[in-house]
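See below for the structure under consideration.
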Amino acid sequence: MTRRIRDCLFGILLILGASTAAAQDAADRLIVPGQRAGAIAKATKPADLPRLYGAANLKHGKNDGPDEDVFEGIKLFAGTADEFRVLLTHDRRQISHLRFERLNGTWRTADGIRVGLTPAELEQIIGGPFRLYGFDWQYGGLVTLRDNPGRRLPKGLVIAFTPQKAVPQADEAEVSGDRLISSQHPALGRVDARIGVIILNFRDRTWGAVN
């Protein structure tokens, strides 16, 4: 076998290997806080998404952000359990953050943090009870590292609970407003509080109503 043929075969193997790796990445549903989700990392460009996930799986639109800001957005796997949103920086050249909101999706961290977890389930993962902000305001349901020292909360990931059930106003009032609430507050069970939003930030510190 000549050297030229060997070089050609080696090049073909490299291409096949790269294609296989890309396919595996596209099928990956792991969220790595501060680093990546699936095939999307900080260095990923918006123009890379059709190659990574297929143009048919992308839907473009606008998303309201904090302080009445507007982010250009791309919805991936729209209408499926694994739907999530890619929010772009204002110049549209980079990815700002990813937002996950589907209760029955398969996106999760290595230790099992995902949309749909109850407070009790998150307690088991992070090592005990924690505190979250009350609902029905800008930072409603937010769980922060600052307010939970000693808990194994992942850095680089925004986690927020949302109520899933309509309840009497008295129950709702117990867990609403600008105040910290224990994850073991009985009213959280009555409103069926679950992780409703996970945001992986790459560049912008953002929190708000991304629709």
Inset, instruction - For segment 112-129, enumerate the residues that are open to solvent by 30 Å² or more (accessible area, probe 1.4 Å), without any contact (Cβ under 8 Å) to a residue 40 or more places away in the chain and in a loop (DSSP other than H, G, I, E, B). - result: Gly127
Inset, instruction - State which residue is surrounded by the fewest Cβ atoms within 10 Å (Cβ to Cβ) when the search covers only segment 142-192 and only residues that are in contact with a helix residue (DSSP H, G or I) (Cβ under 6 Å, 6 or more places away or on another chain) and touching a residue at least 24 places away in the same chain (Cβ under 8 Å). - result: Arg152
Inset, instruction - From the list Leu145, Leu153, Leu132, pick out the single residue that is of a type in the set (A, V, I, L, M, F, W, C), out of contact with any Lys or Arg (no Cβ under 8 Å at 6 or more places or on another chain) and assigned to a loop (DSSP other than H, G, I, E, B). - result: Leu153
Inset, instruction - All but one of (1) touching a residue at least 40 places away in the same chain (Cβ under 8 Å); (2) of a type in the set (A, V, I, L, M, F, W, C); (3) part of a loop (DSSP other than H, G, I, E, B) hold for Leu98, so report the exception by its number. - result: (3)
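A quick yes/no check of all residues on (1) surrounded by 10 or more Cβ atoms within 10 Å (Cβ to Cβ); (2) at pLDDT 90 or above:
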{"residue": "Thr2", "(1), (2)": "no, no"}
{"residue": "Asp25", "(1), (2)": "yes, no"}
{"residue": "Ile31", "(1), (2)": "yes, yes"}
{"residue": "Ala39", "(1), (2)": "yes, yes"}
{"residue": "Lys42", "(1), (2)": "yes, yes"}
{"residue": "Ala47", "(1), (2)": "no, yes"}
{"residue": "Arg51", "(1), (2)": "yes, yes"}
Inset, instruction - Could you list, in sequence order, all residues of segment 136-154 that are touching a Gly at 6+ places or on another chain (Cβ under 8 Å) and under 20 Å from Ala120 (Cα atoms)? - result: Gly140, Gly141, Gly150, Arg151, Arg152, Pro154
Inset, instruction - Answer with yes or no whether Tyr139 is aromatic (Phe, Trp, Tyr), open to solvent by less than 80 Å² (accessible area, probe 1.4 Å) and either over 19 Å from Val32 (Cα atoms) or out of contact with any helix residue (DSSP H, G or I) (no Cβ under 8 Å at 6 or more places or on another chain) (or both). - result: no
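The values are calculated or read from the model by the stated rules, or taken from the named source; none is laboratory data. Nothing here was measured: the structure is a model prediction, and the numbers come from that model. Cβ: placed from backbone, ideal geometry, glycine included. Neighbour counts: every protein chain shown. Ligands, DNA and RNA are excluded from the accessible area calculation, which covers all protein heavy atoms including side chains. Shrake-Rupley method; radii C 1.70, N 1.55, O 1.52, S 1.80 Å.
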